[in-house]
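A short write-up of the structure that comes next.
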Amino acid sequence: MRRVSEGGGTRGGLRLWEAVQAVPRTLREDLWTVARDPLPSLRWLGRLPHAHAVLFAVLMGLANGNQYEPQFESPMAPAATTAVATAVTLLVVLQSGAAVLALSRPVPAWWLSTLALFLARTVGETKVSHAPLWSWSFPGIALHTLVLFLLALRVRPRIAAEALGLTLLSGLAALAFAAPAQQPSLLQDAVTCTTAVVVGASLRGRRVARSQLVEQEVRTADERARRTLLEERNRIARELHDVVAHHMSVISIQAQVAPHLVKHPTDELKENLAGIRENAVEALTELRRVLGVLRSEDAPSDGVRHAPQPTLDRLDELVGKVRGTGLSVVTETTGEARPLPPGVDLSAFRIVQEALSNAMRHAPGAAVRVDIGYRSGGLTLRVTNTAPDRPAPPSPGAGHGLLGMHERTAMLGGELATGPTPDGGYEVTAILPTDTTKPAEPGEDAP
């Protein structure tokens, strides 16, 4: 037990010695820098505090110059008196300049202010012209307190505490050089400087916490937007899975039936058709295996799952349901209606559906118009609503409407424009190309 105790004491002493040896290196890393760290402007006041700090430094500098007067034990030549007065004036200017410098470079400003305070106490045996309750003049302490406060606003609390400790040590060193009659207590200086550091560090901690909160809110919003995008893409993929699976099934059946439609099919034809059917079945199996995972998290009921995907043929049914909610809806179709590719037909129906849902949610009592234009090579959708006649109820959360429209339009290589109208309403316009044989560009994504 004794050996263990001795070993523990040895290790503890070694750790303490290593900590003491690390102090100079830590101080050098923390305080030996000239890095620029400007004081940020406030949200409401802007740079008004900066101007107040400069004005305070000028006024305290003028008051500081009147507080010091040289005192000598024996008569000296006028030239010596002038030299001492010049030195004291220079130190006073340095103290005021340090307070202004602290607005942009707080650590160098603290070094300059501390050095000026130390020399102002010792050079030429100067003294405070009034009854000395402070180690230095009151304006000098006020300037150095401002420097410490501005320092604590920008640096970590440990660095501010190190600067405070070195300030008090410099005060003790300055008192050691003072005459016995000039030995006021350092307590008032310590309380004032400590208060400045504590207040500055507290304000910095509050500012850092607020910045971290804003950063976290931004990250949360980005993550929510990303999750919303993925959810919408999953929903679109689930719908298109049924469309693609239907076509693959048709290909498989046609490849199986085709040999029976030929009177004397050749072996090569049979082999090719069998290969087509086999590839179609394999592709359909892989498609169901991969995209079927999208249904696992939020699988709909069997009736909904196997129901046919909606197309523009059901537009009248959709408009009838919207009119049943009290919304006035007018539809108009231009051009010659023709069969559309399944993906385009499904996306067109969903875009109109989302636009009408947004109108019901955000424009109660408005008049809605749906225009569908068939043109060569494309389909144009335009859904507009007038201004609402009453305030809309609060939305329960971020919806997927506009995001889904963008995703569906980008998937087909089309264009989408959304925004308010001059009369206070809203407009959604989508142009969907019907030639879907052209592959999408690599890396193409939703706007």
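Only the coordinates and a few stated rules stand behind these numbers; no lab work does. Nothing here was measured: the structure is a model prediction, and the numbers come from that model. Cβ placement follows ideal geometry from the backbone for every residue including glycine, while neighbour counts extend to all protein chains displayed.
So who's got an amide H within less than 5 Å of the one on Ser328, skipping anything under 5 residues away but keeping other chains? H placed 1.01 Å off N, in plane.
Val368
What are the ³J(HN,Hα) couplings of region 196-203, residue after residue, when phi is run through the Karplus curve with 6.51, -1.76, 1.60 and θ = phi - 60°? Round to Hz, x for glycine and proline.
4, 5, 5, 5, x, 5, 5, 5
Using the per-residue mean of other Cβ atoms lying within 10 Å as a proxy for protection, in what order, highest first, do the peptides 402-411, 143-152, 58-67 fall? Numbers along the way, then the final one.
Details: 402-411: 20.5, 143-152: 26.0, 58-67: 17.3.
Ranked from most to least packed, the peptides come out as 143-152, 402-411, 58-67.
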